[in-house]
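Some notes on the structure that comes next.
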Amino acid sequence: MQFYSSELNGIPDYVPLYELFVNIEIMEEILGRKFICKADQVEFYYKAGYDYVPVWPRYKMEKGNLKDTTLPYPITDWESFYKYRWLKPDEISYKEIEDSCRVLPDGMMLIAQDGGPFETMEALLGYSNLCYLLSDDPDLIKAVAEKVFELYHTRLLYR
């Protein structure tokens, strides 16, 4: 729990390791077997010397993609903003968090994380469009940001 200790007290016993995520291929190599379930991820982080396991709430949102430019960005103007189907709180799955809790060794903790507000806005608007709209239609940017912050707050509030 050095990561937590450093956040609270500022001075941990040692510098805690932190990774946003580790590729499955790397985990499989270190575990010496195929990655099958959430327990495997917990075991990897434990064996690799981490004192936490990153977990994410799961949900489906229509988004564009920086890597796959064939996917259009869903929000380009006010009309598409109003038509966009925003995520509802009951559409969020916390199963990954619950499954990890069941197999978490003593002394380890979970760190719930999610893509940040900027990443979500970029996935909805597209990077270039986001930049242009900052100048051309700041009210639309504000409206999208308000919805994104509302979603971000909801996603990370585990009930």
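So the values come out like this:
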| quantity | calculated |
| --- | --- |
| Top-ranked residue of segment 111-136 - restricted to ones that are of a type in the set (D, E, K, R) and surrounded by 15 or more Cβ atoms within 10 Å (Cβ to Cβ), ranked as nearest to ILE92 (Cα to Cα) | ASP114 |
| Qualifying residue in segment 88-110 (condition: touching a Gly at 6+ places or on another chain (Cβ under 7 Å) and closer than 20 Å to PRO74 by Cα) | no |
| When residues of segment 52-93 are limited to those that are among the hydroxyl-bearing types (Ser, Thr, Tyr) and either in contact with a Phe, Trp or Tyr (Cβ under 8 Å, 6 or more places away or on another chain) or exposed (fewer than 12 other Cβ atoms within 10 Å of the Cβ) (or both), the one modelled with the highest pLDDT | TYR82 |
| Single unsatisfied condition, LEU134 versus (1) aliphatic (A, V, I, L, M); (2) in a helix (DSSP H, G or I); (3) under 18 Å from PRO54 (Cβ atoms) | (3) |
| Odd one out for LYS147 among (1) within 18 Å of LYS83 (Cα to Cα); (2) charged (D, E, K, R); (3) free of Cβ contacts under 8 Å to residues at least 24 places away in the same chain | (3) |
| Candidates VAL103, VAL148, filtered to the one that is surrounded by 13 or more Cβ atoms within 10 Å (Cβ to Cβ) and more than 30 Å from TYR14 (Cα to Cα) | VAL148 |
| Answer residue from segment 35-64, given it is touching a residue at least 60 places away in the same chain (Cβ under 8 Å) and touching an Asp or Glu at 6+ places or on another chain (Cβ under 7 Å) and is farthest from LEU17 (Cα to Cα) among those | TYR59 |
| Single unsatisfied condition, GLU91 versus (1) over 21 Å from VAL22 (Cβ atoms); (2) without any contact (Cβ under 8 Å) to a residue 24 or more places away in the chain; (3) under 18 Å from the mean Cα position of the chain (by Cα) | (2) |
| Residue selected from segment 65-88 under the condition without any contact (Cβ under 8 Å) to a residue 24 or more places away in the chain and under 30 Å from TYR18 (Cβ atoms), by the criterion nearest to the chain's Cα centre (by Cα) | LYS67 |
| Test: residue in segment 39-51 that is surrounded by 14 or more Cβ atoms within 10 Å (Cβ to Cβ), at pLDDT 85 or above, assigned to a helix (DSSP H, G or I) and touching a strand residue (DSSP E or B) at 6+ places or on another chain (Cβ under 6 Å) | yes |
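The values are calculated or read from the model by the stated rules, or taken from the named source; none is laboratory data. Owing to the predicted nature of the structure, the values given are computational and were not obtained by experimental measurement. Cβ coordinates were reconstructed from backbone atoms using ideal geometry, including for glycine residues, and neighbour counts include every protein chain displayed.
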